[in-house]
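Here is the structure we will look at.
Only the coordinates and a few stated rules stand behind these numbers; no lab work does. Worth saying up front: this structure is predicted, and the values here are computed from it rather than measured. Using ideal geometry, Cβ is built from the backbone for each residue, glycine included, and neighbour counts are taken over all protein chains shown.
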Amino acid sequence: MTGTKAVACIGTINKTATTIKIPKTITYKGITYRVTSVAKKAFYGCSSLKKVTIGTGLTSIGRHVFCQSMRIKSFLHPGQSQ
């Protein structure tokens, strides 16, 4: 992938999701973007969330990203095995 197109993960519309995967890249309308950050309060109130997996390339995670997501049992980051 070339270029420096980057985006932030701003959350999910499915507030009852139990698993969230933040990928390394996303493709939208044929353009690939690097996911480099997670926005403030992105998963605020996702009370059913149990597992979070993040891709490589994240450079920042906002404040209170998982506030009120107290059921998280697994948080996997790059280089970590399940």
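Being of a type in the set (S, T, N, Q) and assigned to a strand (DSSP E or B) is the filter here, so list the residues in segment 19-63 that pass it. Selection gives 19, 25, 27, 32, 36, 37, 53, 60. Taking the criterion of being surrounded by 14 or more Cβ atoms within 10 Å (Cβ to Cβ) and on the phi > 0 side of the Ramachandran plot, the residues of segment 40-57 that qualify are 41, 57. Keeping to segment 41-82, report how many residues are under 14 Å from the mean Cα position of the chain (by Cα) and closer than 16 Å to residue 19 by Cβ. The number of residues fulfilling the criteria is 18. Total residues in segment 37-53 satisfying the condition of being touching a Cys at 6+ places or on another chain (Cβ under 9 Å) and among the β-branched types (Val, Ile, Thr): the figure is 1. For the residues 37, 60, the requirement of being touching a residue at least 24 places away in the same chain (Cβ under 8 Å), among the small types (Gly, Ala, Ser) and surrounded by 15 or more Cβ atoms within 10 Å (Cβ to Cβ) singles out 37.
When segment 19-34 is filtered for residues that are polar (S, T, N, Q) and surrounded by 12 or more Cβ atoms within 10 Å (Cβ to Cβ), the ones remaining, listed by number, are 25, 32. Scanning segment 67-74 turns up no residue that is surrounded by 14 or more Cβ atoms within 10 Å (Cβ to Cβ), closer than 14 Å to residue 11 by Cα and touching a His at 6+ places or on another chain (Cβ under 7 Å).
Scanning segment 64-82 for residues that are out of contact with any Leu (no Cβ under 8 Å at 6 or more places or on another chain) and assigned to a loop (DSSP other than H, G, I, E, B) returns 64, 65, 67, 68, 70, 73, 77, 78, 79, 80, 81.
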